[in-house]
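Just below is one structure, and these are the notes that go with it.
The values are calculated or read from the model by the stated rules, or taken from the named source; none is laboratory data. Computed from a predicted model, the values in this text were never measured in an experiment. Using ideal geometry, Cβ is built from the backbone for each residue, glycine included, and neighbour counts are taken over all protein chains shown.
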Amino acid sequence: MTAPPCELCTNPGGHLVQDDGQLRVILVDEPDYPGFVRVVWNAHVREMTDLAAAERAHLMQAVFVVERAQREVLRPHKINVASLGNMTPHLHWHLVPRFEDDAHFPKPIWAEPVRAAAAASLEGRRALVPALTRAIAAALGAAAR
């Protein structure tokens, strides 16, 4: 029996914001969570300890850059940062901006919703996504210098 192909090896995983060869930053198509970003290590590895120390530092620097941009542009109540990989065992980090009026707050976004998200709030957040992608790309470019 062979393992199914890795979803993050065969697909970009969303809208590409930036790829530096080692990792890519992806805007996730999640309608109820505008600004949800994944930082994906390009090589197929399962865990952070599969990376060399410099690679781990590079990956985490990208995670921190994305979080900072999300906080500055979107002004969320909280950012959920997680590296799960139970369903997709390919090293990646989820960065999910959370708002007190989102459909699942305070529960994880994969739980049952506790309310319907307000359409006006979602539209306002969606309108900020282009500024977020520009901020991420600019900050990652600055970090690389």
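Side notes on the structure shown:
- Filter pass, Arg71 being out of contact with any strand residue (DSSP E or B) (no Cβ under 6 Å at 6 or more places or on another chain), farther than 19 Å from Asp29 by Cβ and modelled with pLDDT of 95 or more: yes
- Single unsatisfied condition, Gly13 versus (1) farther than 21 Å from Pro108 by Cβ; (2) assigned to a loop (DSSP other than H, G, I, E, B); (3) not hydroxyl-bearing (Ser, Thr, Tyr): (1)
- Residues (within 19 Å of Trp110 (Cβ to Cβ) and buried (at least 17 other Cβ atoms within 10 Å of the Cβ)) located in the stretch 29-61: Tyr33, Pro34, Gly35, Phe36, Val37, Arg38, Val39, Val40
- Restricting attention to the stretch 91-126, the residues being assigned to a helix (DSSP H, G or I), within 18 Å of the chain's Cα centre (by Cα) and surrounded by fewer than 12 Cβ atoms within 10 Å (Cβ to Cβ) number 0.
- The stretch 57-90, residues that are over 14 Å from the mean Cα position of the chain (by Cα), in a helix (DSSP H, G or I), farther than 20 Å from Gly124 by Cα and in contact (Cβ under 8 Å) with a residue 12 or more places away in the chain: His58
- Residues in the stretch 62-85 that are within 14 Å of Tyr33 (Cβ to Cβ) and touching a Pro at 6+ places or on another chain (Cβ under 9 Å) were compared, and the one that is surrounded by the most Cβ atoms within 10 Å (Cβ to Cβ) is Gln70.
- Scanning the stretch 17-36 for residues that are farther than 13 Å from Arg126 by Cβ and outside any loop (DSSP other than H, G, I, E, B) yields Val17, Gln18, Asp19, Leu23, Arg24, Val25, Ile26.
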